[in-house]
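**Q** Following this message is one structure expressed as structure tokens.
The values are calculated or read from the model by the stated rules, or taken from the named source; none is laboratory data. Keep in mind that this is a model prediction, so the values were computed, not measured. Neighbour counts are summed over all protein chains in view; Cβ atoms, including those assigned to glycine, are modelled from backbone coordinates with ideal geometry. When the accessible area is computed, the model is the full protein with side chains, heavy atoms only, and any ligands, DNA or RNA have been set aside. Shrake-Rupley method; radii C 1.70, N 1.55, O 1.52, S 1.80 Å.
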Amino acid sequence: MARLVKLQSQIQQVRVEFFIRQRTAEENRKRENAAAVKIQSWIRGCRVRAYVRYLTKHAVIIQKTWRGFSARAIFRQMQEEAYLAARMKFYNQMAVRIQRRWRGYFVRRNVHNYYERKKYLEALSKKNEEIRRELDEFEQYQQKEREWVAAVREEERKYQQAQRQHFLLSTKQCPGVYNSPFRGGPSEMEERLRRVTPVLAQSAARQARSKHRQQRRALEQQNASFLPPINAKKPQGPFRAAEEVWRQRQRPLEPSLRVATSITALEEARDQLRSQELSARLIDHPFWPFASAHKSRKYEPLIHTRSAFQTLPYGTKHFREDAKHTLQDKEAFKTVFTTCHVFDKFGRLYSNSGKIV
Amino acid sequence: MSQRQVLQVFESYQKSRTQFVQTVAELATRPQNIETLQNAGVMSLLRPLLLDVVPTIQQTAALALGRLANYNDDLAEAIVKGDILPQLVYSLAEQNRFYKKAAAFVLRAVARHSPELAQAVVDCGALEALVISLEEFDPGVKEAAAWALGYIARHNGELSQAVVDAGAVPLLVLCIQEPEIALKRIAASALSDIAKHSPELAQTVVDTGAIAHLAQMILNPDAKLKRQVFSALSQISKHSVDLAELVVEAEIFPAVLACLRDPDEYVRKNVTTLMREIAKHTPELSQMIVNSGGVAAVIDYLGDCKGATRLPGIMMLGYVAAHAENLAMAVILSKGVPQLAICLSEESEDHVKAATAWSLGQIGRHTPEHARAVAGVNVLPKLLVLYMDMESSEDLQVKAKKALKSILQKCTHLPALEPLLYDAPSNILKHVVCQFSKVIPHDSKARRLFVTSGGLKKVQEIKADSGSPLQEYINSINNCYPEEIVRYYSPGYSETLLERVEKYQPA
């Protein structure tokens, strides 16, 4: 019980102590609580931070790897595109070069070919020159032809005029109209008058030709639009009809054969034949087709003058008649043949009157 | 009265009839008698003589009628009204060849005056009778019938079609092959008259094989025949490309060029017409003509002839040059432009001048080279004069203006453009100044020449509405020069200088 009394005396102390202790503990509790909380929160924070750091580290690794992967894929894609673009650009440039060359060539060859055009224009100039020259020549030639034809016609006309005016020829006593003594010499008409031959009868060939010419002229006249002549009044008197007189006047001479043959007809015929032979006969022996055939032909002698070994000398070297002394006992050759009986019955076969023969 | 006296009366009547008819026929050959004859009533007297017993009187009466109808279309109408034509048509079938010739002559003389008279002739049934007489043996009858058919077909397309429908064309082609020259001439002329109206008629003529026969006669020595042959070929080829190609395939080139030197001027003219009709269709045909040397020959022909006969040659050059620029260059190379310039200055007729202006325009419109060649012969001032001249016809003015415009739009040869600065009206001046404004900015020598020749001064004097193309060209020219020079040449500069002199106060 002492302890109890002690203890009860101490109770107040204890109570005070307890209270003090409680108060200090309370104060300390708050402080310590706060400190504990602080420490705990710090620790929790550290733990969380460590955890987060850990998570972050791993998340970064994952993201880093992923981003690298996908960026490399994109980069490869971009790279390919850039490569493709660069290639196309290169191709385009090369294609432009080819096209440029080709277009230049094509245009220069087909659309506007300078050298072809130049050649063409030069050739054209030459052709023009040539055509101009040829046409000039042709024109001159035609002109000459026409002039020549006109001159020939003129000459023929003047000749015919001279034929008709042959009486104007000058004589020794009396100079003609065209041969004036006051001039130096005779004029050309005078020369023509001197040259003129009278109009004679024509030979048969010439007659045929002129008849043919007349017929052609008549045909052309008919084709001109002329009506036939109307029967005019007949002149009084014993005159023949006008056409009859005209026909008679135009009628050519019809000479007899004796008159028409020339006096030297025989000689002329001979000459003609000779000249024909001379000109026509080219080959003298027309039946030798191969000229050298007969040269190399082997000589075939007569049967009678030849033996197997040599030619017999009889007939060429000696004859019977020359050496009659050797023939004394030999018979003569038969010179008479047997008759052929063809004509034996000639007179007798048919009639009695044949006997006259 | 005895029988002989009775017969004598008839004989004297016949003699007087014969004499009358012969004298009338002879008088009708002279134009001065025909009026008198008409007033004396010769038609009514000749008409019963056509039915006379004696064939000679019939023929001479027909001949006289033909000569009268030939002279005047009143007389031809009188014949138509007098119902003479059916009788003639009937006798064409029946009578002898002299009467046929005379009857065909009358039909031709009536039909030649006008389409109505030709229609009247056709209405009488003359076509069948004429076609039948084309089959006769006598070439004179054929010639008269072909001539009448040609004159009928000449007027218009319907009459030609009627002639073709009567079956005349194959017979005409046969007539062309006959040996007589006169018949060939008339047949060729008839074919030409038929073919000229329309492509179908020309095709009908071609289908009977006419081209080959016509082409064979090109080098015939007779000049009148050649005229008709070339006329026929040109009438055929003018309608379409196919016909022209058919004509060309007959191998007429280059033989045709030889006929360009024929002494007869109508032959030459018809040859040139043929070449023009062929050249106008396509560039290939023109090229063929150029390659065979035709252009040079035509240019020489232009130098030889005068007057309206030059027209086909000028037009041919224009057509050739119009197709392509190398053909135009070929024309220039063959010395065509100086020749055309000579034609322009020598000719007096407006239509020839218009054609020349057109041709020059066609030559010069392709490239600056061509325009320079054309401007080099001093032809631009002449064209300007033609355009400005009040007396030239409207067609000539229009053509000259078009030619001038087309040449100016390509011309870069400044010395040739300078004279135009002074006289031209504003619509031409616009083109001239435009050309200057194109050339001057790039060529320093030209700039100098422009100043020294007085062109700049003239340009300053031009009044133009601001904002108009002319003003723009003037501005672009002025921009090529320093400002002082432009001010120096502007009008009224001397006055401004003198004013400054007046105002100046000496120090």
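**Q** Could you tally the net charge around B:I34, taking each other residue with its Cβ under 13 Å from the Cβ of B:I34, Lys/Arg +1 and Asp/Glu -1?
**A** Summing Lys/Arg as +1 and Asp/Glu as -1 gives -2.
**Q** Please give the solvent-accessible surface of A:D329 in Å², to the nearest 10, using a probe radius of 1.4 Å with every protein chain present.
**A** Counting only protein heavy atoms, the figure is 130 Å².
**Q** How far apart, in nm, are two points set 7 Å out from the Cα along the Cα-to-Cβ line at A:L84 and at A:L55?
**A** Reported label-point gap for A:L84 and A:L55 is 4.3 nm.
**Q** Please report the relative contact order for chain B, taking Cα pairs under 8 Å with a sequence separation of at least 6, and give it as a percent rounded to a whole number.
**A** Reported relative contact order: 6 percent.
**Q** Quantify how strongly other chains surround peptide B:325-331 by giving the mean number of their Cβ atoms within 10 Å of each of its Cβ atoms.
**A** Across B:325-331, the average partner-chain Cβ count within 10 Å equals 2.
**Q** With respect to the cross-link table entries B:K401/B:K430; A:K127/B:K402; B:K306/B:K335; A:K119/B:K438, which display a Cα-Cα separation exceeding 25 Å?
**A** A:K127/B:K402; A:K119/B:K438
**Q** Distance between Cα centroids, segment B:75-111 to segment A:1-73: provide it in whole Å.
**A** 156
**Q** Using only the Cα atoms of segment B:407-456, build the gyration tensor, take square roots of its eigenvalues as a ≥ b ≥ c, and label the shape rounded, prolate or oblate: rounded if a/c is under 1.5, else prolate if a/b is larger than b/c, else oblate.
**A** oblate
**Q** Considering only C-alpha atoms, what is the centroid distance from segment B:187-243 to segment B:281-329, in Å?
**A** Cα centroid of segment B:187-243 versus Cα centroid of segment B:281-329: 21 Å apart.
**Q** Using a Förster distance of 30 Å, how high is the FRET efficiency between B:S2 and B:N96, based on the Cβ-Cβ distance and rounded to 0.05?
**A** Using R0 = 30 Å, I get an efficiency of 0.30.
**Q** Among A:T338, B:T496, what's the order by accessible area (1.4 angstrom probe), most exposed first?
**A** A:T338, B:T496
**Q** Something else: Among A:Q77, B:H281, B:L333, whose Cα lies farthest out toward the positive end of the dipole of the protein assembly as shown, if unit charges sit on the beta carbon of Lys, Arg (+1) and Asp, Glu (-1)?
**A** A:Q77
**Q** Extending each Cα 7 Å along its Cβ direction at B:A223 and B:T282, get the distance between those two points in nm, one decimal.
**A** Label at B:A223, label at B:T282, 3.7 nm between them.
**Q** How far is helix B:139-153 tilted, in degrees, relative to the longest principal axis of the Cα atoms in chain B, given as a value from 0 to 90 rounded to the nearest 10?
**A** 50
**Q** Ordering A:H212, B:H281, B:H370 by accessible area with a probe of 1.4 Å, largest first, what comes out?
**A** Per-residue accessible area, sorted high to low, gives A:H212, B:H281, B:H370.
**Q** While we're looking at this one, here's another question. Set Lys and Arg Cβ to +1 and Asp and Glu Cβ to -1, take the dipole of the protein assembly as shown about its Cα centre, and tell me which of A:P175, A:A59, B:M388 lies farthest positive.
**A** Positive-end residue among those listed: A:A59.
**Q** Right, next: Considering the options A:Y141, B:L27, B:P425, tell which one lies farthest towards the positive end of the dipole of the protein assembly as shown, charges being +1 on Lys and Arg and -1 on Asp and Glu at the Cβ, about the Cα centre.
**A** B:P425
**Q** Okay, next question. Report the calculated FRET efficiency for A:F287 and A:F319 (r = Cβ-Cβ distance, R0 = 35 Å), to the nearest 0.05.
**A** For R0 = 35 Å, the calculated efficiency reads 0.55.
**Q** Also, I was wondering about something else. Can you give the Kirkwood hydrodynamic radius for the protein assembly as shown, in Å, rounded to one decimal and based on Cα pairs?
**A** Answer for the protein assembly as shown: a Kirkwood hydrodynamic radius of 41.7 Å.
**Q** Per residue of chain B, what 222 nm ellipticity follows from adding -39500 (n - 2.57) for every DSSP H run with n ≥ 4, rounded to the nearest 500?
**A** Computed mean residue ellipticity for chain B: -23000 deg cm²/dmol.
**Q** First select every other residue whose beta carbon is under 10 angstrom from the beta carbon of B:L360; then total the charges, Lys and Arg +1, Asp and Glu -1.
**A** Residues near B:L360 contribute +3 overall.
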